[in-house]
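Structure provided below as structure tokens; questions to follow.
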Amino acid sequence: MKKFGGSKEKFYLCIVKKEFGKWLMDIAKYMVTALLLSTIFSDMQEPIIIYMVVILSIIVLIFGLYWINEAELEENKNKQKK
């Protein structure tokens, strides 16, 4: 029986975490871009929408950076073991 958590599985999980973090960072950038474009092309009368989008994009960006950092720490730990 094969033991789960071998070096190959950890390596692939590390790649998935890093890509998920990059994806979350892209989502945050798209949210800010959409907010900027919508405020340029239309007159935003609701400041609560601006605040909500900014806060949500910051949260998504923080999660993305967390996942990328977590993946890099695992990569460094796996490199030190070898």
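What do you reckon, is residue 55 in contact (Cβ under 8 Å) with a residue 40 or more places away in the chain, among the β-branched types (Val, Ile, Thr) and open to solvent by 60 Å² or more (accessible area, probe 1.4 Å)?
Working: in contact (Cβ under 8 Å) with a residue 40 or more places away in the chain: no; among the β-branched types (Val, Ile, Thr): yes; open to solvent by 60 Å² or more (accessible area, probe 1.4 Å): yes.
So residue 55 does not fit the description; no.
Can you run down the residue pairs with Cβ atoms below 9 Å, 6 or more apart or on separate chains, where the first is in segment 35-47 and open to solvent by less than 100 Å² (accessible area, probe 1.4 Å) and the partner is in a loop (DSSP other than H, G, I, E, B)?
35/44; 38/44
The values are calculated or read from the model by the stated rules, or taken from the named source; none is laboratory data. Please read all numbers here as calculations on a predicted model, not as lab measurements. Glycine also receives a Cβ, built like all others from the backbone with ideal geometry; neighbour counts cover every protein chain displayed. SASA here: full protein model, heavy atoms, side chains in, ligands and nucleic acids out. Shrake-Rupley method; radii C 1.70, N 1.55, O 1.52, S 1.80 Å.
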